[in-house]
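Beneath this line is the structure, given in structure tokens, with notes to follow.
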Amino acid sequence: MGYRTYTCRIARDCGGCEWLAVPYPIQLRRKQEQVEELLGGMASEDGATVDPIRGMDEPTRYRHKAATPFAHARGGRVRCGFYAAGTHRIVPCDECLVEDPRARRILNSVARTAEHLHIPPYDEDRGVGVLRHAVVRCGWKTDDVMLVLVTRVDELRSVDRLVNELRAACPEVTTIVQNVNDRRTNAILGRRNRTLFGPGIMHDELLGCTFEIGPTSFYQTNPEQTEVLYELALEGVGPASGVLDAYCGTGTIGICAAARSEALRVTGIEQVKGAVACAQRNAAANNVENRCRFEAADATAWMAREGRNQHFDAIIMDPPRAGSTPEFLSGAANLAPERIVYVSCNIVTQARDLGILRERGYHIERVSPVDMFPHTKHVESVVTLKRR
């Protein structure tokens, strides 16, 4: 890998790629050092080492999800792009180095169509206007492209004309969904969806499995590195007959595991009912519904109530950035699985949680960093723990 650097004319204003001017091998070295500093000491005490970080062969165009806010501009124009770092000032963007090339072109077409049809953008200070955001998801292994229009109100004026103009400008879009967010919040998406064109969902593939993605589904932004992440997680599980997939979302990791072994039974727990329904459809689509069971519940409460009556060889946990909780970690340890595979997007909270699991009788067997977001400071890691 050469010491090539990348350039972007809005990188300084956008702030999304903090390390764009840093040669990629040096980025990887820095992230390796972060993981070794935070997790290496614990791993060494347990007789393990930190694996070399898994980077990308070509660290560009990896984001298959992109979004833009909208705002008023002079002359009745609609501004779109990225918020400048630490502000609500929008920096226009024609093309983004790390996004799927289709995405930014579609987002800019939405702004031009809104101008033409006089659809007013949202004014965050006054809480008025219609068009708040747009989100594009592009398939990695499929040609599906979903466009989500986030609006403040349910009713869209000239909706048929809007859809026709967007389809003409963006023929690659396979479905258009309106998402309604009428709250005064920084969150992009609301709770209500309305399909304007197409099936209202899209599909993509990971490790040979097909997954349904809805307008509000969680799905990793960098699917190429997601396969690397999942391979490491499945290696951590090892030979197993029963796996608990906590924080299972739409069931991606658990379904990939079940597809690998007919002897494996997966139980997935997720609080969001819509995600559980999607996981069940995904299991059926991949012919593993008889080996995957998904339930809508709080994972900590479920382990205390029902998990203690079942045996699991391994637990896979992939919590949000805030990490897990002492209650969940104690509940997981009480189930006494042979292995716990902890997938994390925040090694600071992961280090904190690993300390609790080690106190509860587990030792670190392997630490594997993965670069999911090149040109940023973020690094993910997969840690396998084994019961003493």
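The values are calculated or read from the model by the stated rules, or taken from the named source; none is laboratory data. The structure displayed is predicted, hence computed values, not measured ones. Glycine also receives a Cβ, built like all others from the backbone with ideal geometry; neighbour counts cover every protein chain displayed. Remember, those area values only see protein heavy atoms, side chains included, never the ligands or the DNA or RNA. Shrake-Rupley method; radii C 1.70, N 1.55, O 1.52, S 1.80 Å.
For this structure, a couple of remarks:
- Average Cα contact separation per residue, the chain, under 8 Å, 6 or more apart, as relative contact order %: 16 percent
- If you wrap the tightest convex hull around every Cα atom of region 1-149 and split its volume per residue, you get 160 Å³.
- Added length on full extension, which subtracts the Cα-Cα distance from 0.36 nm per residue, R29 to R12: 3.9 nm
- 12 Å beta-carbon shell around D313, net charge (K/R +1, D/E -1): +3
- Given charges at beta-carbon only (K, R positive; D, E negative), |dipole| of region 96-194 in Debye: 180 debye
- Between the C-alpha center of region 127-199 and that of region 220-288 there is a gap of 28 Å.
- Selection from P223, S241, M202, by position along the positive dipole direction of the chain (Cβ): M202
- By the equivalent-ellipsoid construction on the alpha carbon gyration tensor, the chain comes out with semi-axes of 38, 25, 18 Å, ordered largest to smallest.
- Apportionment of accessible area to carbon and sulfur, region 226-338, percent (1.4 Å): 50 percent
- Restricted to Cα atoms, region 128-246 shows a radius of gyration and a Dmax of 17.4, 57 angstrom.
- Summarising the amide proton neighbourhood of A71: residues at separation of 5 or more, or on other chains, whose placed amide H is nearer than 5 Å comprise R79.
- The dipole here belongs to the chain: it is taken about the Cα centre, uses +1 on the Cβ of Lys and Arg and -1 on the Cβ of Asp and Glu, and is about 1060 debye.
- Placing dummy labels 7 Å off each Cα toward the beta-carbon, the span from R387 to E262 is 2.8 nm.
- Relative protection proxy for 205-212, 178-185, from highest mean packing down: 205-212, 178-185 (other beta-carbon atoms within 10 angstrom).
- The loop-placed trypsin sites (Lys or Arg not before Pro) in region 1-73, going by DSSP, that have at most 13 neighbouring Cβ atoms within 10 Å of their Cβ come out as R4, R9.
- For K31, the lysines whose Cα comes closer than 27 Å to its Cα, not counting residues fewer than 8 places off in the same chain, are K65, K377, K386.
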